[in-house]
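Worksheet for the structure shown next.
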């Protein structure tokens, strides 16, 4: 199995993600039995799965430089600001269950950064792929995992989310490639998710202003990520 994935980093990333999802499904079962809220049970499952994923692939976590990319990742706060503005402008109510919101935001941040940044980019580096290839491949994989939301029937919303996720992934990936800073990318991913989790509902409409703003962010993310990586070549 190890030999099969030795020169197939993209398939390797998908396999690790699939393993993580299976582990998360297993670990969420006690929460289901205890009648905990489904979102909370899923989040606990993902956090426990992240711990197992870390143990199995811990060799990729040996050269981490905490918060060395904190300033570099600050443009990601614009996505969190957009989430807050979009929800508040639509009159969405804020939750009183802050603990669940915290856990539900933390779980995907840890789970997805472990897999799509640390492990996937680590594998791409092992295969001697260029930084630009690693950035694009890891960001595309990160974006495509959100395509499952198309099951809800909201095709347009899913396509927007794919672009939104790709843009965020390009910045997260570039920061990690430049600094090996896992802590900052988890923090920014967490803040982006928290800016949505603190609301009890999801807006069903989006004004022209916020559509334009998200369009700008979706374009800005890849450009900024590419610029960060290209600076080494200048």
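Numbers below:
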quantity: For region 9-233, the fraction of alpha-carbon pairs in successive 5 Å shells from zero, as %; calculated: 1, 7, 14, 18, 21, 17, 12, 7, 2, 0, 0
quantity: Separation between Cα centres of region 54-85 and region 175-234, rounded to whole Å; calculated: 11 Å
quantity: Computed P(r) (all Cα pairs; region 92-151; 5 Å bins; percent); calculated: 4, 16, 19, 17, 15, 12, 8, 5, 3, 1
quantity: Shape metrics for region 159-234, restricted to C-alpha atoms - Rg then Dmax, Å; calculated: 14.2, 47
quantity: Whole-number percent relative contact order across the chain, with pairs defined as alpha carbons under 8 Å at least 6 apart; calculated: 29 percent
quantity: 22 Å tail of the calculated P(r), region 104-199, as % of Cα pairs; calculated: 27 percent
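Rule-based calculations on the coordinates, nothing more; no lab input. The shown structure was predicted, so the numbers you read here are calculated from the model rather than taken from an experiment.
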